[in-house]
1. Could you give me the residue pairs with C-beta distances under 7 Å whose first residue belongs to the stretch 445-471 and is surrounded by fewer than 19 Cβ atoms within 10 Å (Cβ to Cβ), whose second residue is at pLDDT 95 or above and among the small types (Gly, Ala, Ser) wherever it lies, and which are 6+ apart or on separate chains?
2. Scan the strands (runs of 3 or more DSSP E) fully inside the stretch 370-487 and keep the ones with 1 or more residues being among the charged types (D, E, K, R), at pLDDT 95 or above and at negative phi.
3. Test Glu339 against the stated conditions and say whether it is within 26 Å of Asp292 (Cα to Cα), charged (D, E, K, R) and outside any loop (DSSP other than H, G, I, E, B).
4. Going by the structure shown, is Leu195 modelled with pLDDT of 95 or more, in contact with a strand residue (DSSP E or B) (Cβ under 8 Å, 6 or more places away or on another chain) and assigned to a loop (DSSP other than H, G, I, E, B)?
5. I'm trying to understand the selection: among the residues of the stretch 276-304, which are touching a Leu at 6+ places or on another chain (Cβ under 8 Å) and either buried (at least 19 other Cβ atoms within 10 Å of the Cβ) or farther than 27 Å from Pro345 by Cα (or both)?
6. Residues that are within 22 Å of the chain's Cα centre (by Cα), among the charged types (D, E, K, R) and either over 16 Å from His199 (Cα atoms) or surrounded by fewer than 20 Cβ atoms within 10 Å (Cβ to Cβ) (or both): does the stretch 85-95 have at least one?
7. Quick one: Thr219 ticks every box in (1) of a type in the set (Ser, Thr, Tyr); (2) in contact with a His (Cβ under 8 Å, 6 or more places away or on another chain); (3) modelled with pLDDT under 95 bar one, so which box is it?
8. Among Ala213, Ala218, Ala209, which is in the same structural domain as Tyr85 (by TED's automatic domain parsing), surrounded by fewer than 24 Cβ atoms within 10 Å (Cβ to Cβ) and hydrophobic (A, V, I, L, M, F, W, C)?
Amino acid sequence: MGTVADLLLARADDDRPALLHDDRTWSYRQLVAEARRRQALHATLHDPARPPHIGVLLDNVPDYVFWLAASALSGSVVVGINATYRGGPLAQLIEHTDCELLVTSTGYAELLAGLDHGVPADKVLIVDEQDLPDTGVEPPAVTATDDDLFLLIFTSGSTGLPKAVRCTQGRFARTGAHVARITELGDGDVVYAPLPLFHSSSLFTGWAATLSAGTPFATRTKFSASNTLPDIRRFGATVMTYTGKVLNYILAVPERPDGTDADSPLRLAIGNEASARDIDEFARRFGCTVRDSYGSTEGVIIIRRHPGMPAGALGTADPSVKVMDPETRRECPPGVVGEIVETEPTAGFEGYYKNEAATQARFVDGWYWSGDLAYRDPEGWLYFAGRSNEWLRVDGENFAAGPVEAIVARHPDLRAVAVYAVPDEPVGDRVMVAVELRAGAAFDPAAFDAFLLEQPDLGPKWVPSFVRVTSELPKLASMKVDKTTLRQEAWHAGDVWWRPAKGEPLRVLTGETPVHDERR
């Protein structure tokens, strides 16, 4: 497939649209020209004694794409800085990835003030405040190779401070070609990617695919559920990328009573981690196909959905993908939760930057351990059960959060559900669930308890002891629920109901202290 640089140079004289943003359009010829200008500027700023790492702390503005292209042509590396981090953690992301240049905007520059991130002030470019300096020189000729590092992409941070995943030019180009093939991108297609460009969804499923196919890439500065359909119509978008709760947020926008939501060019939404209910409703409402599959930033394991598969299933994977007991290293029988493991890893994950311990932790005896939990039914369908840090231990029984979430999510008044562990005395956990209500719904604790009793597959130890009710769950930039925050806050934030003992009804938690919480 060549490199990202090869793909760009092959389109240097192509006048077809490459980038759509707001009411502006850039052709591939113009994209490459903008990239060359930034390539020349980077050459004047680069210190040969330092890694050529360019930290980009921007919303989805055109400059972000221009610097991605410039990095590919110059053989440098774009570090996509997660714009939701603040203070010390933000500085740590920049310093850990050895950024020698920072490209940012006025608003984010204010967040950098006073931080010890290691980038000199004269190498912080504020793109909305100053014109791009004209170097007056031709950018140096660079021959990129498949193995050249191109991106450092941070994981979502769902299990602590994110790790920087390495991505080479070869991997990015191959992934783009794969996505372009399975989405059947061709003339007339436009891919709309609403999530931040520091996230793998917009990068791999979005820009990489369009670059491979030579089709336009469309985005907006910041995700907006209410503007998604107007954007799709304005750009003529035929494909939309998503992850996490994106479909859920779009569906929360009131449907047009005349049924014209389906009257748009959209033919496909492609992403991961949407609920079965949201997948079906989005497809119905917008008259498109939704292709939801399991994937991760590391990119090793793919689980595919199939028509007619059981409700709630992830899909199926290659025979080399197994559900393993992390303690015994044996394959789990049907119905038993274990970790998703690729026993014959061949491609994809290229390691974490400056974190060899975390890289090696992914590989045990030559197998790739994903850190994600699942179980198989007797027919071989896989079901997601949460992250490896989402085990709960209640009265000596271990179980995963995912199956409990799937059951609670059946409640018709709930938009989103998150199940997590809170401490019990003297040891172990109790089950806590945070629920996001649908518009116009009110929480009725007695009706909620009655609903739980009606669920035949809800084990007695799975019954929530705490229920936090909110209009919006905390989210990561990837639109995944931020369970780290939920666990830290436990019952100390929001409107919380609890049951003091098993079998008792839920009641409002006021000034009581349910247990001594040593985690705070």
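The values are calculated or read from the model by the stated rules, or taken from the named source; none is laboratory data. Keep in mind that this is a model prediction, so the values were computed, not measured. Every residue, glycine among them, receives a Cβ derived from its backbone with ideal geometry; neighbour counts consider all protein chains shown.
1. Partner pairs satisfying both residue conditions: Thr470/Ala434.
2. 466-470
3. Values: within 26 Å of Asp292 (Cα to Cα): yes; charged (D, E, K, R): yes; outside any loop (DSSP other than H, G, I, E, B): yes.
Judged against the criteria, Glu339 is a match.
4. No; evaluated as a whole, the condition is false for this residue.
5. Asp278, Ile279, Glu281, Phe282, Arg285, Phe286, Gly287, Cys288, Thr289, Val290, Tyr294, Ile303, listed by residue number.
6. yes
7. Thr219 satisfies every listed condition except (3).
8. Working: Ala218 fails: surrounded by fewer than 24 Cβ atoms within 10 Å (Cβ to Cβ); Ala209 fails: surrounded by fewer than 24 Cβ atoms within 10 Å (Cβ to Cβ).
None of the other options fit; the residue is Ala213.
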